[in-house]
Amino acid sequence: MLEYGCYTQELRSHLPDGVLYWGIDNREWVNTVHVQDLEHPEPFHVKADVIFCLETLEHLKEPWRLLEVMREGLVEGGCIVISLPNEATWFHRLRALGGLLDPQAWQPDKHVHLSNVRQATAFLERHLHILEVVPYINCSARGSTHAWLGRWMGLVPEWVWEWLARVDPDGWARGTIYLCRL
């Protein structure tokens, strides 16, 4: 298994014993990361049955380059799992009306592409065959620049947020997970 944009390799801790894992990122976050410039990626030295790329493509100026390398690194019949954030939720839209489009603008490692779910899906469809699309939510607001949001969201049952995300992904899903094949 390969993971591009592995950061601290959190995904690795969720894998069963015996899974061969290689984490690849722009810099060494932990001592087992294979460092590679994801803006100008090169094929990894092994092919994988499964490739993960979670919350990474939106940080790259030319994400299609990494998608091509992932395509080359996939064994026949393998799958690619990609997650992308949704930057057009109702919260983001209301915040923009108040004049704040992106609180992390000009910060290192911030998002270069600020897409909604439909835009992200259309982009991936140009490069891969999407088998399944699953919207996700983040009721804890963990990792958010707005920690208070998690406390507010906790007042509403999680199943309500999940239902809203399925009904209107562009408005309510914090992001989307895509299961893809070549």
Task: Matching residues in the range 40-50 - criterion: being open to solvent by less than 40 Å² (accessible area, probe 1.4 Å) and without any contact (Cβ under 8 Å) to a residue 40 or more places away in the chain - done: PRO41
Open item on the list: Any residue that is touching a Cys at 6+ places or on another chain (Cβ under 9 Å) and either open to solvent by 40 Å² or more (accessible area, probe 1.4 Å) or closer than 17 Å to ILE82 by Cα (or both) - is there at least one of those in the range 148-156?
Closed with: yes
Open item on the list: Please list, ordered by residue number, the helices (runs of 4 or more DSSP H) wholly in the range 88-182 having 1 or more residues that are under 21 Å from HIS59 (Cα atoms).
Closed with: 90-97, 117-125, 169-172
Task: the range 3-29 residues that are touching a residue at least 24 places away in the same chain (Cβ under 8 Å) and within 13 Å of VAL50 (Cβ to Cβ), paired with ones that are among the charged types (D, E, K, R) and open to solvent by less than 90 Å² (accessible area, probe 1.4 Å) (beta carbon under 8 Å, 6 or more apart) - done: TYR4/ASP25; LEU11/GLU3; TRP22/GLU3
Open item on the list: Looking at the range 120-146 only, could you name the residues that are surrounded by 13 or more Cβ atoms within 10 Å (Cβ to Cβ), of a type outside the set (Val, Ile, Thr) and within 21 Å of PHE52 (Cβ to Cβ)?
Closed with: ALA120, PHE123, LEU124, HIS127, LEU128, PRO135, TYR136, ASN138
TODO: Determine, yes or no, whether VAL117 is without any contact (Cβ under 8 Å) to a residue 60 or more places away in the chain and open to solvent by 30 Å² or more (accessible area, probe 1.4 Å).
DONE: no
Open item on the list: Which count do you get for residues in the range 11-27 that are surrounded by 11 or more Cβ atoms within 10 Å (Cβ to Cβ) and among the acidic types (Asp, Glu)?
Closed with: 1
- [ ] Please indicate, with yes or no, whether at least one residue in the range 143-156 is under 25 Å from LEU66 (Cα atoms) and out of contact with any His (no Cβ under 9 Å at 6 or more places or on another chain).
- [x] yes
Open item on the list: Based on this model, can you work out whether GLU76 counts as modelled with pLDDT of 95 or more, over 13 Å from the mean Cα position of the chain (by Cα) and among the acidic types (Asp, Glu)?
Closed with: yes
- [ ] Only one of these is more than 24 Å from MET70 (Cα to Cα), surrounded by 14 or more Cβ atoms within 10 Å (Cβ to Cβ) and at pLDDT 95 or above: ASP102, ASP168. Name it.
- [x] ASP168
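The values are calculated or read from the model by the stated rules, or taken from the named source; none is laboratory data. Note that the structure is a prediction, hence the values are computed from the model and not measured. Here Cβ is always computed from backbone atoms with ideal geometry, including for glycine, and neighbour counts include all displayed protein chains. Note: areas computed on protein heavy atoms with side chains; ligands, DNA, RNA excluded. Shrake-Rupley method; radii C 1.70, N 1.55, O 1.52, S 1.80 Å.
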